[in-house]
Structures are given as structure tokens and as C-alpha cells.
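Taking it in order: structure first as C-alpha cells, then the write-up.
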Amino acid sequence: MHTCLSKEGQEPVALVVDKAQRGMTLIEIMVVIVIIGVLGSTLAVGVFELFGEGREKTAKIQVQSIAAKVNYHQATQGDFPDSLADLKPKIKEADRLDPWKQELVYSTTGEGFSLCSNGPDRKTGTDDDICHDGEER
């Protein structure tokens, strides 16, 4: 407790420093930092999940777009291209890479074609592959 001189003729006034004015203790600061860390990591997980979903949607749109160009080539030329490189003026080399920077897998079948992105795991023939089977029906 501190004393302070008051105006003339008055008694000294006692100043009491309230606990709230002292500041935060180290433990209180650490608790706040932990809470911020937990909230931040929870938010980061959600953002990364959305980013992953965005890549998959982008790959689906990309596969559909290139499949349409393959179908157009077949309609105008009478046959399917041997590779995506044969569509060079219509499809740039960078467009043949999926969002995971892997080459799209294209093959012709007897009656059509298959076009796939290997998906997030970058392995052919797994459940996460994003494909368009251009079979004629």
C-alpha cells in the first residue's frame, strides 16, 4: 500500500494497487498461448482439407475439359489421337499436368479412350484416381 499526500488540510489517501492492474502472470500467458495454438491448429486442418478438395475438383474439371477436346478431335479427324501430345495446339504441355504436377494418363481402347489423373496419392489404379472413360455408347 502506498500513501499519497492530498490537498492541504486533508488526510493522506491510501492507494491500493488492484490485482487487475498488476498484469498477467506467466501461467496466465502460457494458458492463452496454448489456447491460441489449439485454435490455430484446428483452423489449419480445416483449411488444408478445403485445399485438398479444391485440387480434386480442379482435376475433375481438367479431365472433363481435355476429354471434350479428345472427343472433338475424334469427331473432326475420324479417330482418337495416339497421345495428348497430338493435340498440341489445343492442349498446352502444362495443361497435361494434374494439380499434383503429374502427367495425365491417356490411352485409347478399341471403342474409345481413357483419361485419368492419378489423384492425390499419385498412383495408378487406386480409388482416388479421377477418370473419364470416353467409351462410345
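All of the numbers you see were taken from the coordinates with simple rules; none came from a lab. None of the values given here were measured: they were computed from a predicted structure.
Quick notes on this structure:
- Computed over the alpha-carbon atoms, region 24-133 gives an Rg to Rh ratio of 1.31, Rh here being the Kirkwood radius from the mean inverse distance.
- Here the scattering of region 40-81 is modelled by Debye summation over its C-alpha atoms, one equal scatterer each and no solvent; at q = 0.19 Å⁻¹ the log10 of I(q)/I(0) is -0.62.
- Rounded to whole Hz, the Karplus (6.51, -1.76, 1.60) HN-Hα couplings of region 76-81, x for glycine and proline: 8, 9, x, 8, 7, x
- Rounded to the nearest Hz, the phi-derived 3J(HN,Hα) couplings of region 42-50 under the Karplus curve 6.51 cos²θ - 1.76 cosθ + 1.60 (θ = phi - 60°) are 5, 5, 4, 4, x, 5, 5, 5, 5, where x marks glycine and proline.
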